[in-house]
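First comes the structure, then the notes that go with it.
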Amino acid sequence: MDIQSDQRTAEGLEMPECQSWNEVEKVILERRSVRKYKNKQVPENVVRRILEAGRYAPSAGNYQPWSFIVVRDKEILDEIQSFIRKLCKIVKFFCDWKTSPLGPVSWVFAQITMRLMPNKMHPTPFGAVFMIADGKLKVFHDAPTVILILKDRRGVGKPDIDIGICGQNIVLAAHSLGLGTCWVGFVELIRQMPNWKKRLGIEYPYEISEAIAVGYPVGHPDGMVPREIHKIGWIEGGIKKFVA
Ligand SMILES: Cc1cc2nc3c(=O)[nH]c(=O)nc-3n(C[C@H](O)[C@H](O)[C@H](O)COP(=O)(O)O)c2cc1C
């Protein structure tokens with residue numbers, strides 16, 4: 001990672017009208033995922049307010065294929081967490097070749113799963129699965145509020161993209177109000193579970209897409225961190241060049 005180059009993003013991209021980042025840009029650039037929360041509930045009106053930011057997201061055909069369930073009962077969140085942990089333990093049993101009693105067979109399982117589900121079993125979530133199984137990572141990070149974003153499966157085009165934009169609006173609005181958030185992709189493990197659908201009152205055409213943990217952060221996790229620099233293809237005047 002080239003920190004120097006990232007600093008150029010912060011300081012060197014000179015804009016004629018403003019030399020430093022404006023408030024919106026700062027919210028975007030300084031937001032970080034928060035995985036440690038204070039034991040303090042977020043006021044209801046603040047949650048309603050960040051959901052408004054989600055509701056105003058653009059969507060294909062203006063279909064707005066989302067719906068929200070706000071969960072603030074610790075018992076329910078703990079139950080979802082222990083259910084997901086059980087599933088992670090099963091995956092770890094079959095696929096963690098360093099610890100599995102299946103020995104080298106688990107390596108074969110891991111390779112097959114990674115090839116069959118390259119997105120889900122990418123090394124990062126794969127590592128997180130093992131951490132959740134071992135109790136080293138909490139699914140919702142003990143956040144006092146969790147927003148489940150439901151997707152209307154009849155959405156136009158690619159509703160998952162609409163959900164992503166909606167969620168990011170929520171996350172950025174939350175950050176601008178001093179809250180911390182963390183996307184929780186692992187919630188998809190309860191998506192198809194009839195008992196959880198019933199318990200949470202989720203019916204067709206809706207299904208759980210993602211979750212966002214929300215709360216007051218412990219410490220100051222925010223700030224700009226270096227990011228990958230993907231070269232930008234730039235076509236102008238009949239020539240294509242690449243800029244960093
Ligand atoms: C769709 C999505 C799902 C994610 N799921 C999880 C998750 O289940 N657990 C978690 O701790 N972080 C999760 N994250 C957070 C990412 O790990 C994080 O955004 C990434 O490491 C970049 O760090 P930053 O958000 O601090 O910039 C998720 C992020 C996205 C966008």
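None of the figures in this text is laboratory data; all of them are computed from the coordinates on show. Since this is a predicted model, take the numbers as computed values, not measurements. Here the Cβ is made from the backbone with ideal geometry for all residues, glycine too, and neighbour counts use every protein chain on show.
Quick rundown of the values:
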quantity: 20 Å Cα-Cα reach of LYS38 towards lysines, excluding residues that sit fewer than 8 places from it in its own chain; calculated: LYS74, LYS136, LYS138
quantity: Rg(Cα)/(2.2 N^0.38 Å) for region 79-133, N = residue count; calculated: 1.07
quantity: Sequence of ILE28, ILE90 once ranked by neighbouring C-beta atoms within 10 Å, starting from the fewest; calculated: ILE90, ILE28
quantity: Under Karplus coefficients 6.51, -1.76 and 1.60, residue-wise ³J(HN,Hα) of region 62-73 in Hz, glycine/proline x; calculated: 6, 6, 6, x, 10, 7, 10, 10, 9, 10, 10, 8
quantity: Amide H contacts under 5 Å for TRP66, placed H, 5+ residues apart; calculated: ASP152
quantity: Under Karplus coefficients 6.51, -1.76 and 1.60, residue-wise ³J(HN,Hα) of region 108-120 in Hz, glycine/proline x; calculated: 5, 4, 4, 5, 5, 4, 5, 6, 6, 10, x, 6, 6
quantity: Estimated 222 nm signal from helices in the chain, with DSSP H stretches of n ≥ 4 weighted -39500 (n - 2.57), rounded to 500; calculated: -12000 deg cm²/dmol
quantity: Vicinal HN-Hα couplings computed from phi for region 140-152 (Karplus, 6.51 cos²θ - 1.76 cosθ + 1.60; Hz; Gly/Pro x); calculated: 9, 6, 6, 6, x, 10, 10, 9, 8, 9, 9, 10, 7
quantity: Using distinct alpha-carbon pairs, which all enter the 1/r mean, Kirkwood radius of region 75-186 in Å; calculated: 16.1
quantity: Using distinct alpha-carbon pairs, which all enter the 1/r mean, Kirkwood radius of region 134-234 in Å; calculated: 15.6
quantity: Sequence of THR181, THR145, THR113 once ranked by neighbouring C-beta atoms within 10 Å, starting from the fewest; calculated: THR113, THR145, THR181
quantity: Dimensionless Rg ratio for the chain, taking C-alpha atoms and the 2.2 N^0.38 Å reference; calculated: 1.15
quantity: Sequence of PHE242, PHE93, PHE109 once ranked by neighbouring C-beta atoms within 10 Å, starting from the fewest; calculated: PHE242, PHE93, PHE109
